[in-house]
Amino acid sequence: MSKVLVVEDDPVVQAALVHALTDLGHVVQAVGTAVAALREAGTSELDLIILDLGLPDLDGVAALRMLRGVSNVPVIVATARGAESSVVSTLNAGADDYIVKPFSAEHLAARINALLRRTGTAGPAGSADLVALGELRIDLAQRAATLGDTALALSRREFDMLTYLAQRPGRVISRRELIQAVWGNPYVGDDKTIDVHASWLRRKLGETAAHPRYLHTVRGVGFKLAAPE
Ligand code: CA
């Protein structure tokens, strides 16, 4: 079961989508504007967004770019336009997949399942759920991290960043790789974003750039996470 946000201004199409997705066992919310979608994506934990490209308030590509600014949730773009250029530009703007209207519920279900499988949000895959490094413990299933006895209050991106680094201990990870892992690919922002998140994460780990314990900045390259000596 996944939480799906449907962004569709046509009430008939919206109702059909909600019906089909609910039938598939998803928890579904629906909105009719890009602004409402941005608000939802910024405030609730979603597993997937289905985004209509022809919304009344914002162009689909612009909506997608703004969405990517607040969330790395997988997005399937639903488009009536068959034009290859619009598909390419939405994929470049951060869509994970697209589906051309009109589509059947079965077709949509297949796309959703493939995407959720690919992005690892289809549920517990039975993989190693615990990452440990020094006194750091990351519970992937619970999305919880502790350092010694202290629970770390991490944002979603901080958690994803910490996890990605902790799963590759001692390895220098470039900003580009980290951005792709945490924000998704393609990413349209600039590298400053990652430095800001790294500094927030570092503060929550109780350390400073000048005196790192776990999180090390490798100047001009990226970051690495390692257990203190
Ligand atoms: Ca529309």
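Is it the case that Leu38 is at pLDDT 90 or above, within 12 Å of the ligand (Cβ to nearest atom) and under 26 Å from Arg143 (Cβ atoms)?
The answer is no for Leu38.
Taking segment 29-40 as the region of interest, how many residues are in a strand (DSSP E or B) and open to solvent by 40 Å² or more (accessible area, probe 1.4 Å)?
2
I'm told Gln29 meets every condition in (1) away from the ligand (no atom under 16 Å from the Cβ); (2) without any contact (Cβ under 8 Å) to a residue 24 or more places away in the chain except one. Can you identify the failing condition by its number?
Failed condition: (2).
Quick one: in segment 1-28, of everything that is assigned to a loop (DSSP other than H, G, I, E, B) and open to solvent by less than 50 Å² (accessible area, probe 1.4 Å), which residue is farthest from Ala62 (Cα to Cα)?
Checking each candidate, the answer is Gly25.
Of everything in segment 1-14, what is touching a strand residue (DSSP E or B) at 6+ places or on another chain (Cβ under 8 Å) and not acidic (Asp, Glu)? Give them in sequence order.
Met1, Ser2, Lys3, Val4, Leu5, Val6, Val7, Val13, Gln14
So is Ile138 away from the ligand (no atom under 16 Å from the Cβ), modelled with pLDDT under 90 and open to solvent by less than 40 Å² (accessible area, probe 1.4 Å) or not?
It is false that Ile138 is away from the ligand (no atom under 16 Å from the Cβ), modelled with pLDDT under 90 and open to solvent by less than 40 Å² (accessible area, probe 1.4 Å).
Based on this model, can you work out whether Thr22 counts as hydroxyl-bearing (Ser, Thr, Tyr), out of contact with any Ser or Thr (no Cβ under 6 Å at 6 or more places or on another chain), within 23 Å of Ala110 (Cα to Cα) and not assigned by TED's automatic domain parsing to the domain that holds Trp183?
The answer is yes for Thr22.
The values are calculated or read from the model by the stated rules, or taken from the named source; none is laboratory data. For clarity, every value in this text was computed on a predicted model and none was experimentally measured. Reconstructed Cβ throughout: ideal geometry from the backbone, glycine too, with neighbour counts over all protein chains shown. Quick note on the areas: whole protein, heavy atoms, side chains included, nothing else; ligands and nucleic acids left out. Shrake-Rupley method; radii C 1.70, N 1.55, O 1.52, S 1.80 Å.
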